[in-house]
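The values are calculated or read from the model by the stated rules, or taken from the named source; none is laboratory data. Source: prediction; values computed, not measured. In this analysis, Cβ positions are derived from the backbone assuming ideal geometry, glycine residues included, and neighbour counts consider all displayed protein chains.
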Protein chains: 2
Amino acid sequence: MVKNLLLISNSTLHGSGYLDYCADNICQFLGKNKKVLFIPYARPSGISCEDYTKIAHERFDRIGYSLLGINSFSNPMKAVEDSEAIFIGGGNTFVLLNELYKNNLVGIIRQKVASGMLYIGTSAGSNIACKSIKTTNDMPIVYPPSFDALNLVPFNINPHYLDPDPNSTHKGETRETRIKEFHCYNTEYVVGLREGAMLHIAGKSVTLQGSTGARVFKKNTEPKEFNPGDSLDFLIKQ
Amino acid sequence: MVKNLLLISNSTLHGSGYLDYCADNICQFLGKNKKVLFIPYARPSGISCEDYTKIAHERFDRIGYSLLGINSFSNPMKAVEDSEAIFIGGGNTFVLLNELYKNNLVGIIRQKVASGMLYIGTSAGSNIACKSIKTTNDMPIVYPPSFDALNLVPFNINPHYLDPDPNSTHKGETRETRIKEFHCYNTEYVVGLREGAMLHIAGKSVTLQGSTGARVFKKNTEPKEFNPGDSLDFLIKQ
């Protein structure tokens, strides 16, 4: 079996509801795998895992998929072991990674994805699929045992990627400056995935989907723009 | 001796040069202490410690202070031990904290500040003076041995604090949302210091200086606005 991942920049695009803009991509990706395990650990805005699961359950129900939250299982490792598709939702990346380590899920998710379990991530859930969480935008509100993430793909994503605003008077670093700082200490490619963009990884093939494109950063190299439909296979074949 | 700290939100305000807007505050704070030790470890945009020290040296020289970078001393701990004033510049908070631990400076800075050494921080240098770095805006590009910071004051700062933009279509979390998430897992006060604002801490007294004010966040409570000149002594007396 080959790896099969759909890594989505963000769950909600301005002007539409939760997962509306990427619902078709999710349906196409899941196909006939009608059961999805949901991991709500990132708890956006600090909501409970139960409340977060309700939101995801309702949305997946509307597109014909049966979604169960991992918190409804007594043994989280076994829940992953028995799944054919998982969805890790967005929220705080540090909280998410910390919980994955706490519940001993890092190894089993890696194994299962390697043997073909479908993986969907949005925002923090896409970050976590990468080599490390070192290109998250989130506040480090809890201290995880490592910044090493699931390492399902050999590059990093910066979700919610933002182009610099030429009219801004704010002196905080731009996203591009931050990613360039990352490359002072790290070597992985970073995909700046704009809101509305996603990557489909199938084995050795990486395709940019969605409508807004991506900016790819490589150490000591000028960043490069990519458009919807472009192949980004080089991210895997480095 | 009492603690004496000047914690500045940012080093450069839109439309003016490096430390221009807060130069008078720095002069007033330092007074007759003419020698300042500079800690450049945060390396903004990844510049070298040497280049960063040059920038700070030139600026302090213009206001009549002699600034030396810690990298010019063979023994960094002894350099702090022998100083009456230090300035920790902005950049990446994770890189800065990691270097402070690596160079074994956390303990000695705490001791010296407790016995009256003047402390100036900008941005990451202000973050680091607080209880933890859990309210930084920076990317976690290196993994420090802990998020516990210098703990010179019993609260946290969020520098470069940004009010929500009502016209934004971006769906990343607002700064306020992020700080509220912090309070799901932590209890310290967080001072959202707008660019142009700073805190002067002298013993048990905390005064808001600068021109732009601050928004103070307490767990389970509505955030509160404060204006330049306001006393924020409650931050210390909690």
Note to self: Tell me yes or no: at least one residue of region B:180-200 is touching a strand residue (DSSP E or B) at 6+ places or on another chain (Cβ under 6 Å), at the interface with another protein chain (Cβ under 7 Å from one of its Cβ atoms) and under 15 Å from B:S126 (Cβ atoms).
What the structure shows: yes
Next item on the list: Specify the residue that is nearest to B:S168 (Cα to Cα); the eligible residues are those in region A:159-175 that are among the charged types (D, E, K, R) and within 25 Å of the chain's Cα centre (by Cα).
Entry: A:D165
Notebook entry, point to check: Going through region B:123-154 one residue at a time, which ones are out of contact with any strand residue (DSSP E or B) (no Cβ under 7 Å at 6 or more places or on another chain) and either surrounded by fewer than 22 Cβ atoms within 10 Å (Cβ to Cβ) or more than 7 Å from chain A (Cβ to nearest Cβ) (or both)?
Noted result: B:A124, B:D138, B:V142, B:Y143, B:P144, B:P145, B:S146, B:L150, B:N151, B:P154
Next item on the list: Count, please, the residues in region B:1-33 that happen to be under 24 Å from B:N151 (Cα atoms) and either among the small types (G, A, S) or within 14 Å of chain A (Cβ to nearest Cβ) (or both).
Entry: 5
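Here is a yes/no grid of residues against (1) over 25 Å from B:V216 (Cα atoms); (2) out of contact with any strand residue (DSSP E or B) (no Cβ under 9 Å at 6 or more places or on another chain):
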| residue | (1), (2) |
| --- | --- |
| B:N4 | no, no |
| B:H14 | no, yes |
| B:K32 | yes, yes |
| B:I47 | yes, yes |
| B:Y52 | yes, no |
| B:R62 | yes, yes |
| B:D82 | yes, no |
Margin query: Against the definition (at negative phi, within 12 Å of chain B (Cβ to nearest Cβ) and hydroxyl-bearing (S, T, Y)), how does A:T177 come out, yes or no?
Written below: yes
Next item on the list: Sort out which residues of region B:43-52 are under 18 Å from the mean Cα position of the chain (by Cα) and either farther than 23 Å from B:P140 by Cα or at pLDDT below 95 (or both), and write them in order of number.
Entry: B:P44, B:S45
Margin query: If a residue must be over 15 Å from B:A202 (Cα atoms) and among the hydrophobic types (A, V, I, L, M, F, W, C), how many such residues does region B:103-129 contain?
Written below: 6
Check: Out of all the residues in region A:34-58, which are within 14 Å of chain B (Cβ to nearest Cβ) and either within 20 Å of A:H200 (Cα to Cα) or of a type in the set (V, I, T) (or both)?
Finding: A:I47
Notebook entry, point to check: Can you list the strands (runs of 3 or more DSSP E) found entirely within region A:140-212 that contain at least 3 residues being among the small types (G, A, S)?
Noted result: none
Next item on the list: Check whether at least one residue in region B:35-49 is out of contact with any Ser or Thr (no Cβ under 9 Å at 6 or more places or on another chain) and under 16 Å from B:V113 (Cβ atoms), and report yes or no.
Entry: yes
Margin query: For region A:218-238, give me each residue that is in a helix (DSSP H, G or I) and either over 18 Å from the mean Cα position of the chain (by Cα) or over 14 Å from A:G192 (Cβ atoms) (or both).
Written below: A:D233, A:F234
Next item on the list: Kindly provide the set of residues from region A:8-53 that are among the β-branched types (V, I, T) and exposed (fewer than 14 other Cβ atoms within 10 Å of the Cβ), ordered by number.
Entry: none
Next item on the list: Check region B:3-23 and report whether any residue there is assigned to a helix (DSSP H, G or I) and over 24 Å from B:D82 (Cβ atoms).
Entry: yes
